[in-house]
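Here the structure is laid out as structure tokens; the discussion comes afterwards.
Please treat every number below as a calculation from the coordinates, not as lab data. Because the structure is predicted, anything quoted here is derived from the model rather than measured. With ideal geometry, Cβ positions are generated from the backbone for all residues, glycine too; neighbour counts draw on all protein chains shown.
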């Protein structure tokens, strides 16, 4: 659960050992958390301010961090490694999701995007997240519960290409194998002017989806891909890291418009004469 | 102002003509909006659902869209062209800002990042946005007012390298020329475990800032840059666009930890004997 | 014509004014070369060493450079702006073209790739360069003549999808709209183990070409794209340039093998029993 | 040794098993080449045309390829993994090296760049390749001998920051830790208008080198970095590969000019009055 201020019983803490190792732990009085650097008495953490340095029984130092939504979604991402923070950031910006937004997501997958969306729409909005695979939803449910975000999500086992129950959605976010097969249902689910965002690894998926969006009276259709490169920063040794993730997927964004009256031209004839 | 459902008097609408031209207009009964494709009687829009196609007096079709935070921040961005949506998305994800977050931003600049942050922290959070240039704050204020987000922002004329009034902030977001000079004050303003994100165009700014963060007891310090490429998608002609933005700036993220007790080693001596 | 040592009558010189302006000029006694910074008496250049600074009649300084193949191909590239030095470099490396190589190229286009290939195969090799458009070949011929490379090239007006006259080629380099339609003829023209390199702007061209190569008993098939970013280097202001070329084309490389005897498996049955 | 036509005793062949495995082997009558897919009698290869498919004693098929300079340099590159074919291609294009060129290289390193340069300057040109580490030169010598390129190279153990013996070079190619310390000596070694190309992994190396070049009367100074991304091409599954090499090094190119007479302005006063 997300917490604030100082450590209380039942909250999650992130125990930071070094740049590569940190542990997400729920604080329970009377429990020990064991690492290869010794154990920590979790009850001792209660009342401590976040940011403080604590010491294991073997004398190793850990830093007591307060987990953010980013930490939760990174833990989810590790399971699947498809969508990346750079993509989540772009999808949030392009979908314009914010507090109060009502969003359909499909599929739930690891729940990382669901976590980011639920975090963004709180407290009055809602994420309706579909997946055909119940086992993914169970894992996502556990992740969302842990992050304290389950109240903002309705997890639904179902195939959005067969139908979407919700109407008047602000946004539909797709991360599934055949997004083009969902365009008509997504249109029905969206409010006028609502936004669809689709994430796909292959270019053929993108071509089919864009074609379906064009035929489905969507406008402002654009497709992008993004790259992210880490920089090793150190006086005299500054350089980008050798290996980078060269591709995760393409992001297509579009907006629902009313049905076109005239297709052959943007001019439909004088309204006044 | 952000609106929902259908067009009402006093809301903003986005009149979409084609992929390159759309107009952000406030709806006032009795007013005309003039374009090179004829005029639109704004009063006639009241009561219409978003997404609908409307026609100018010359018979040209426009689509009646509901502006999102993305539309507002893109309008702000056009003024300065430094920070890009890709960067805003990454800063949102890395800073973990969400509903209820309390954030210090410096500088306000065009107000684009301010707009995105204010949108994200609503309704209970707050963005304290500093800039030394009153004229930037005036423009940002107008942009935020128009987007209906001014209530979530406190615009402050001031130099954060001289001091930050706020304490216990969830995040500090820096987009200024000398971020390294603000690290100590940002540390004071942040809660323990709070997050600092800095955006800088040059690598020398990054090297100095990372050095200041390391000396200032920040952890999880990482620097990235991102690229975004548009794809022209059309069956048989699909290809990335020729020109792209190759650089906007580097993003550095770090987290406040308590002061280190031992610098030379992560082991501080056995706690129990 | 490429020259060496010092300036002689009839050679080309590159008159460098500043980073954005340099002029490729043939030295003729008695002629003046006029610029907006005054004129230069070309006869005065004869006998001067390359690298020297000379002065126009208005007192502006020019640097007397010796044109390289790079300067000649950049002049050609300016006309079409499709293939870039980064692509030419990769094609040279992947095709393994060098002194003595015999290469078929199609199409000639601006002649930039032809220039680079001719430079590389000198003096004993040959480039057979096809184009269906005589006007392109005329321009390429003039460019190659000027660069002193015409002896290493045979320019041929013709459609390589209808046939290639040459046999036993070391490499075939394709930069045309339908490379897949040339795969069979390229195979006939190549020696065993010879290399085909194809450059295409769209992904659909690549998919069709790779498919034709796979069916045509080519091996080591790989497709890459490359990006090149300029860096503005200045102490304290070092940063990549804002705009970059995000796409020129994809490069596919493959190698001719003999016809497969067994398709379903790499094991064809024991040779000895 | 590079060979042509068909397989002869003493030449190298590349035995291609699949996309990930190929073996560079010298053909000796009476020898067997053993693989995990059985052995091949090398004498049986003599007289066979390149490209042909041959079969191991266990019935596995190999393709008999003729090694190119690219194969040789890739074998060298595997040892160090710093410079990449994309960089070698760019350095070849930027340096304008070709048949007859005289080039100084430092350091020799794995010999991959040396191989590419030697291949390009044959038969009349020469590469003078310096390295302070005799063990690198021994390995490079073996690699160059094998590729049949040793005649075009003079390997020299020495430190180019202390001096370069050669004069009037067409190009100097640097891949060493402190290129800025070599600028003056490189200038002495270059002919007027000659080209210097430097490859460096860190940005601080680049800043120092560019500064030294500016002070050393070089012109046309530019720095670039390049990226290369592999594309997995298959109908319906086409996508860039997930991982890519995000950084190898920056390439700086410059050209030697005569000493500036006037520094403060490009106008040096009227030459005629």
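One table, with the values for the structure above:
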quantity: Beta bridges by DSSP in the stretch C:1-135, antiparallel share as percent, to the nearest 5; calculated: 75
quantity: Rounded to 5, percent antiparallel among DSSP beta bridges of chain B; calculated: 60
quantity: Teacher prompt: residue A:10 distances to equivalent labels in other copies, 7 Å Cα→Cβ, nm; calculated: 4.2, 8.6, 9.6
quantity: Most fluctuating residue given options B:165, B:175, B:87, as computed from a GNM of chain B linking Cα atoms under 10 Å; calculated: B:165
quantity: Residue with peak Gaussian network fluctuation, chain D [Cα springs, cutoff 10 Å], from D:197, D:245, D:25; calculated: D:245
quantity: For residue B:29, inter-copy label distances in nm, listed shortest first [label point 7 Å out on the Cα-Cβ vector]; calculated: 6.3, 9.2, 10.6
quantity: DSSP-defined beta bridges in the protein assembly as shown - what % are antiparallel, rounded to 5; calculated: 65
quantity: Rounded, prolate or oblate (a/c below 1.5 giving rounded, otherwise prolate when a/b exceeds b/c) for the stretch C:12-65 by Cα gyration tensor; calculated: rounded
quantity: Nearest 10 degrees, 0 to 90: helix B:203-215 Cα axis against chain B principal axis; calculated: 50
quantity: Relative contact order (%) - chain A, alpha-carbon pairs under 8 angstrom, separation at least six; calculated: 13
quantity: Taking the stretch D:22-69 and dividing mean pair separation by its residue count, relative contact order in percent (alpha carbons under 8 Å, at least six apart); calculated: 28
quantity: Global geometry of the stretch C:1-116, whether rounded, prolate or oblate, following the gyration tensor of its Cα atoms and the 1.5 cut on a/c; calculated: prolate
quantity: Gap separating the Cα centres of the stretch A:194-216 and the stretch D:205-261, nearest whole Å; calculated: 35
quantity: Centre separation in Å (Cα based) which lies between the stretch C:1-63 and the stretch B:28-81; calculated: 58
quantity: Beta carbon of chain B nearest to the axis of the rotation taking B to A, residue and angstrom distance; calculated: B:89, 1
quantity: Rounded to 10°, Cα long-axis angle of helix B:112-121 versus longest principal axis of chain B; calculated: 80
quantity: Teacher prompt: residue D:165 distances to equivalent labels in other copies, 7 Å Cα→Cβ, nm; calculated: 4.8, 7.4, 8.4
quantity: Ellipticity estimate at 222 nm from DSSP helix runs (n ≥ 4, -39,500 (n - 2.57)) divided over chain B, nearest 500; calculated: -7500 deg cm²/dmol
quantity: For chain B, built as a Gaussian network whose Cα springs stay under 10 Å, the top-fluctuating residue of B:212, B:186, B:112; calculated: B:212
quantity: Cα long-axis angle, helix A:69-80 against chain A (0 to 90 degrees, to the nearest 10); calculated: 80
quantity: Relative contact order (percent, whole number), the stretch D:98-221, Cα cutoff 8 Å, 6+ residue spacing; calculated: 24
quantity: Gyration tensor verdict on chain B (Cα atoms; rounded if a/c is under 1.5, prolate if a/b is larger than b/c, oblate otherwise); calculated: prolate
quantity: Euclidean distance of C-alpha centroids, the stretch A:98-123 and the stretch D:97-142, integer Å; calculated: 58
quantity: Cα Rg, Dmax, the protein assembly as shown, angstrom units; calculated: 32.4, 99
